[in-house]
Amino acid sequence: MTIGEFSVRQPVLVNLVFIAVVIVGLYTFFSMPAELLPNVSMDEAIVVVVYPGVSPEEMETLVTKPLEEEIEGVDDVDYVASTSGESRAVVDVRFKPGLSDEEFDRRLLDLRAAVDNARSKIPDEAEDPRVIPIKLGEVIPIMAVSLGGEVSDTALREIGEDLRDRVLDVSGVRSVEIVGAREQEIWVELDADRLASYNIPVSRVVGSLAARNMNVPGGTLDIGASEYIVRTLGEFEDLQDI
């Protein structure tokens, strides 16, 4: 007897089996845990180093190559690729496929140790390298915007900060990071002859500048039902303060 003949002779039983399969399928569908992007290891990590104001050629020589030399000695590394840009170096490290979570975690520790060893070969002015494991389900950068032009570093930084604030207002954006921007710095030149005439050491001027350029917390002040935070504001706001 074929399946078709059986189905014709036993319609009730066949319908009951069909209904049971549908019910079990619906129950499984709604009860099974699922994620659109599960947090699964990709056996991959990236190393990022920021060195403000350095050209791509210098990044390649001073930062990328020392990192690659140390990283290539890590066990189970299958592939290393690097990108050297202005003020930024990125090294993509891929491990051999099939590593368990425990093995990947151990290799990640080895990678961090290798990066720490390479830090001594990288100029002190560069920021500390960051090792970022890549996993599905984690939020990773999906857009990069490069700014440049015939403007001062201060103006460029202000444009970048304004753009960052605008992007953060977009729904769904978790974070925005500015990299490669030079921090504002004020150079104070001292008159060596006048210091000598007053018998004032340079360290005293440095200490005086540091002591005046700060905000000091003063605790809280209770007035009636209100509580106020007390602070002494002393940070420099312009060159005239210095």
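Here is a list of conditions, (1) touching an Asp or Glu at 6+ places or on another chain (Cβ under 7 Å); (2) within 29 Å of E86 (Cβ to Cβ), and M214 meets all of them except one; can you say which number that is? Single failed check for M214: (2). The single condition among (1) at pLDDT 90 or above; (2) within 30 Å of R157 (Cβ to Cβ) that S87 does not meet is (1).
If you go through region 73-105 and keep only what is surrounded by 14 or more Cβ atoms within 10 Å (Cβ to Cβ), in a helix (DSSP H, G or I) and out of contact with any Ser or Thr (no Cβ under 7 Å at 6 or more places or on another chain), you end up with just E103. Could you please find all residues in region 181-238 being open to solvent by 100 Å² or more (accessible area, probe 1.4 Å), hydrophobic (A, V, I, L, M, F, W, C) and in a loop (DSSP other than H, G, I, E, B)? Of everything in region 181-238, those that are open to solvent by 100 Å² or more (accessible area, probe 1.4 Å), hydrophobic (A, V, I, L, M, F, W, C) and in a loop (DSSP other than H, G, I, E, B) turn out to be W187, A225, L233. Report whether or not A118 is part of a helix (DSSP H, G or I), in contact with a Leu (Cβ under 7 Å, 6 or more places away or on another chain) and either β-branched (V, I, T) or modelled with pLDDT of 90 or more (or both). Considered against the rule, which asks whether it is part of a helix (DSSP H, G or I), in contact with a Leu (Cβ under 7 Å, 6 or more places away or on another chain) and either β-branched (V, I, T) or modelled with pLDDT of 90 or more (or both), A118 comes out as yes.
Let's see how each residue does on (1) among the acidic types (D, E); (2) touching a helix residue (DSSP H, G or I) at 6+ places or on another chain (Cβ under 7 Å); (3) closer than 16 Å to E86 by Cβ:
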position	(1), (2), (3)
D153	yes, no, yes
E158	yes, no, no
R174	no, no, no
I186	no, no, no
Y198	no, no, no
P201	no, no, no
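Could you tell me whether any residue of region 132-142 is surrounded by 13 or more Cβ atoms within 10 Å (Cβ to Cβ) and at pLDDT 85 or above?
yes
Scanning region 35-59 for residues that are open to solvent by 40 Å² or more (accessible area, probe 1.4 Å), at pLDDT 80 or above and among the charged types (D, E, K, R) yields a count of 2.
Taking each residue of region 197-219 that is at negative phi and looking for partners that are of a type in the set (D, E, K, R) and open to solvent by 60 Å² or more (accessible area, probe 1.4 Å) with beta-carbon atoms closer than 7 Å, six or more apart or interchain, yields N213/E235; M214/E235; N215/R231; N215/E235; V216/R231; P217/R231; G218/R231.
Filtered by the rule that a residue be open to solvent by 70 Å² or more (accessible area, probe 1.4 Å) and at positive phi, region 168-180 gives a lone residue, G172.
The values are calculated or read from the model by the stated rules, or taken from the named source; none is laboratory data. These figures come from a predicted structure and were not determined experimentally. Don't worry about glycine lacking a Cβ; one is built from the backbone with ideal geometry, like all the others, and counts go over all protein chains shown. Accessible surface is based on the protein model in full, side chains and every heavy atom, while ligands, DNA and RNA are left aside. Shrake-Rupley method; radii C 1.70, N 1.55, O 1.52, S 1.80 Å.
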